[in-house]
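The values are calculated or read from the model by the stated rules, or taken from the named source; none is laboratory data. All values derive from a computational prediction rather than experimental measurement. No Cβ is skipped: glycine too gets one built from the backbone with ideal geometry, and neighbour counts run over all protein chains shown.
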Amino acid sequence: MWRNVLALRQVSQRTISTASRRQLENRVSESQKLFQEDNGLPVHLKGGAKDSLLYRTTAGLTMLGTMYAVYYLLVSSMPKKPN
Amino acid sequence: MTHQAHSYHMVDPSPWPILGAAAALLTTSGLTMWFHYNSPNLLIIGLTSTILVMFQWWRDIVRESTFQGHHTPTVQKGLRYGMALFITSEAFFFLGFFWAFFHSSLAPTPELGGQWPPVGITPLNPMEVPLLNTAILLASGVTVTWAHHSITEANRKQAIQALTLTVLLGFYFTALQAMEYYEAPFTIADGVYGSTFFVATGFHGLHVIIGSTFLLVCLLRLIKYHFTSNHHFGFEAAAWYWHFVDVVWLFLYISIYWWGS
């Protein structure tokens, strides 16, 4: 993200060193090749290993949270025992 | 290899709708746990999972359109209808809060001292920071239109400058509004004045943050060459949303800040 902010400054002023030039080239065609590969992967996993990690983290967190929510729903539905 | 005989997009199976629904469940029940049992854990899990789902779902839409080419003119038409309907629903959302404001302010009760603003409330001066905020949002409407023209004219440098300026103006508004909230001589707990003021302007502020984020994502995509001079609907959707946020502010300024003081 920060690289993009720095890139933005350079892009609007047009002073670009060779090192960061790769950052600002049009790399859409590389992404198009990656995501049009005939490998049968659904789009949410087609970017590679990072996609699977992020998906599993999200699904795991959501499922744990749902179990937590259902547990507390059941607890809150029960009458409190009088002393 | 089979090819479709229509111009619609039959999406790949995706986990985001169900996980998004679950995240909404966690966020709402998390709010309940926080309000009634003083426990923020579920709310934090809910907000985190909501953000994760949003990031991945919209990432996938960028992949399907820019990288896979599925957004035909027919698909784009559907997206236009969708965004327009969504913004319309948001307009109705704000209409409710304006209704509440006018309900209480047009006929102030004896408990308020029979006047609006109520007895004991010192409203903010509409000619100070609120006027500056109005100028900021109006200017940002100009810059986002400049950005759009630059995109259609394939002027990359100016498009980036104009969109950057728009985003900065949005953040400036948010910063000023946050400072106003901190310095205000009344709170949300100060009767119906406080409630109507902070709920209406608060939801508006949330929409400014959402709109600024949407524009920032568009800026990053613009830098990465995702938009072409005649296909850039993501940007157009962000610009529509931003104009909507601007218009809501104008109504807020005129009715709550100006008439309401």
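Quick look at the numbers
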{"quantity": "Pairs, first more than 14 Å from chain A (Cβ to nearest Cβ) in segment B:208-231, second crowded, with 16+ Cβ neighbours inside 10 Å and among the small types (Gly, Ala, Ser), C-beta under 7 Å, six or more apart", "calculated": "B:VAL208/B:GLY170; B:GLY211/B:GLY170; B:SER212/B:GLY170; B:PHE214/B:ALA238"}
{"quantity": "Any hit, segment B:214-234, residues being modelled with pLDDT of 95 or more, farther than 19 Å from A:ASN4 by Cβ and within 20 Å of the chain's Cα centre (by Cα)", "calculated": "yes"}
{"quantity": "Qualifying residues in segment B:35-72 (those that are surrounded by fewer than 16 Cβ atoms within 10 Å (Cβ to Cβ) and more than 9 Å from chain A (Cβ to nearest Cβ)) - the one nearest to B:SER229 (Cα to Cα)", "calculated": "B:THR72"}
{"quantity": "Residues of segment B:163-186 that turn out to be outside any helix (DSSP H, G or I) and surrounded by 18 or more Cβ atoms within 10 Å (Cβ to Cβ), as a count", "calculated": "1"}
{"quantity": "Only listed residue being in the same structural domain as B:THR145 (by the TED database), touching a helix residue (DSSP H, G or I) at 6+ places or on another chain (Cβ under 9 Å) and in a loop (DSSP other than H, G, I, E, B), chosen from B:THR201, B:THR228, B:THR196", "calculated": "B:THR228"}
{"quantity": "Qualifying residue in segment B:73-94 (condition: modelled with pLDDT of 95 or more, more than 30 Å from B:HIS231 (Cα to Cα) and not assigned by the TED database to the domain that holds B:THR228)", "calculated": "no"}
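For (1) surrounded by 11 or more Cβ atoms within 10 Å (Cβ to Cβ); (2) facing another protein chain (nearest Cβ under 7 Å); (3) modelled with pLDDT under 95, each residue gets a yes or a no:
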{"position": "A:VAL5", "(1), (2), (3)": "yes, no, yes"}
{"position": "A:VAL11", "(1), (2), (3)": "yes, yes, yes"}
{"position": "A:THR18", "(1), (2), (3)": "no, no, yes"}
{"position": "A:GLN23", "(1), (2), (3)": "yes, no, yes"}
{"position": "A:ARG56", "(1), (2), (3)": "no, no, no"}
{"position": "A:ALA59", "(1), (2), (3)": "yes, yes, no"}
{"position": "A:THR62", "(1), (2), (3)": "yes, yes, no"}
{"position": "A:MET67", "(1), (2), (3)": "no, no, no"}
